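Following: one structure in structure tokens, then a few remarks.
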Amino acid sequence: MPVFDEEKTVAEAMRAVLARDEVGELICVDDCSGDRSLAAIEELAGADPRVRVARHPANLGKGVALRTGIALATRPFVVIQDADLEYDPADYPKLLDPLLQNRADAVFGSRFIGSEAHRALYFWHHAGNRFLTVLSNMFTNLNLSDMETCYKAFRREAIQGIRIEENRFGFEPEITAKLARTGARIYEVAISYHGRTYAEGKKARWTDGLSAIRCIVKYGVFPR
């Protein structure tokens, strides 16, 4: 769980994760938050031994926080979970099933398939995600519906075997391209999505879309 300035939601998000029987450890990486996020994390860490805490001395970006957390993971499967309550840990069984059945090496939770609940928000954000997914599919020869989803689950050895280079939101197209190049078995499952407004704390900006295009081309042509 990468965390940056999420004091309003991080404790509730952590409790939702820890309530799941599937969770053997929760690794929270505070990316030098300027609010009370770290205090909230440490309070819950003191109450539940499954919580492990790492902190960056400077704000380095979501990609770096994910690198830190993934490197520390010890359980067979790794699930990416944001601290903002947009994604529901109740979807973990669906994410994990293809892994547990040994049909997949990675599972993407799609916001755009199935009949799960979705908050209606931001047409252009939705259109941008669709565009980036199509562009990514052109380079990876996959048929994903939601490349930019936060909810990605992996076999631990599969994700720890990939060198992650991007420091911010470029993690999504980078990891997709690199998984595709390794021949990893990738599945999609339908998930619910409870998006936030920018007033509620959403952090992704249009400039991150431009960065994603760069990453799609870079790692689609030269994945390392």
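Observations
- Looking at the range 119-192, the helices (runs of 4 or more DSSP H) lying wholly inside it that each contain 3 or more residues that are polar (S, T, N, Q) sit at 123-140.
Here's the yes/no breakdown for (1) within 20 Å of S211 (Cα to Cα); (2) basic (K, R):
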site: R75; (1), (2): no, yes
site: V107; (1), (2): no, no
site: S110; (1), (2): no, no
site: E116; (1), (2): no, no
site: A127; (1), (2): yes, no
site: T140; (1), (2): yes, no
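- Some residue of the range 54-75 being surrounded by 21 or more Cβ atoms within 10 Å (Cβ to Cβ), in contact (Cβ under 8 Å) with a residue 24 or more places away in the chain and in contact with a Leu (Cβ under 8 Å, 6 or more places away or on another chain): no
- Residue within the range 165-187 that is charged (D, E, K, R), in contact with a strand residue (DSSP E or B) (Cβ under 7 Å, 6 or more places away or on another chain) and within 22 Å of M1 (Cα to Cα) present: no
- Exactly one residue out of S110, S145, S115, S136 is more than 16 Å from the chain's Cα centre (by Cα), within 20 Å of A177 (Cα to Cα) and of a type in the set (G, A, S), and it is S136.
- Pair list, Cβ < 7 Å and 6+ apart or interchain, from the range 24-36 residues that are in contact (Cβ under 8 Å) with a residue 40 or more places away in the chain to residues that are surrounded by fewer than 22 Cβ atoms within 10 Å (Cβ to Cβ) and among the hydroxyl-bearing types (S, T, Y): E25/T74; V29/T68
- When E166 is tested against the conditions (1) more than 29 Å from A58 (Cβ to Cβ); (2) touching a Gly at 6+ places or on another chain (Cβ under 7 Å), the lone failure is (1).
- In the range 166-185, of all residues being polar (S, T, N, Q) and touching a helix residue (DSSP H, G or I) at 6+ places or on another chain (Cβ under 7 Å), the one that is surrounded by the fewest Cβ atoms within 10 Å (Cβ to Cβ) corresponds to N167.
Values in this text are rule-based calculations from the coordinates and carry no lab data. Just so it is clear, the structure is predicted and the values come from calculations on it, not from any experiment. Here Cβ is always computed from backbone atoms with ideal geometry, including for glycine, and neighbour counts include all displayed protein chains.
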